[in-house]
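Taken together, the values in this text are just the output of simple stated rules run on the coordinates, not laboratory data. Because the structure is a prediction, the values reported are computed rather than measured. Note that each Cβ is placed from the backbone with ideal geometry, even for glycine, and that neighbours are counted across all protein chains shown.
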Amino acid sequence: MKTLKFLAFVGILALAFTSCKKEEEFTLVGKWNVDKVTTTAFLNGQQVHHEEETNQGWIQFFSGNTGVDDDGGTFQWSLSGDNLTITFDDPDEGEMASFTFKLTTKTLQKIVAESTFEESYEIEGQVYTVSVNLILELSKL
């Protein structure tokens, strides 16, 4: 009877260890489809623009913390926890630009990244605050 219990116990342990798959760790490295870009703009707290664009090409993250998009634009990236920072050469400004996104969804097949940018301008003594909320939805290709 002891032998039967021992064999049953060993069988249960063996089943437990063989049925558990090691979960893959999240990685940005790879090619991602830009499924949707949602942009919402505010002027002094009032919404003035909302736009949703779908199927906006692809973006690829390389293991050396560099990347490229489907237009040939290159960038550098870093990931710290849920914060993704992308730095690129902004031809409109003639300098490097950097944006940090909070990854609100982070799976092996889907990413949702959100960022808010805010700037204030003074025109003829009046201060205007412009903020833009950007949401990117990506799926692994």
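For region 55-91, the residues whose amide N sits under 20 Å from a probe point set 7 Å from the Cα of GLU119 along the beta carbon direction are 85-91.
Between region 115-136 and region 76-113, what is the separation of their alpha carbon centroids in Å? What the calculation gives is 20 Å, centre to centre. Bridging of LYS110 to aspartates and glutamates at a Cα separation below 20 Å is possible for GLU23, GLU24, GLU25, ASP35, GLU52, GLU53, ASP69, ASP70, ASP82, GLU137, once same-chain residues fewer than 8 apart are set aside. Here the Kirkwood formula, the inverse mean of 1/r across different C-alpha pairs, assigns region 70-141 a hydrodynamic radius of 14.3 Å.
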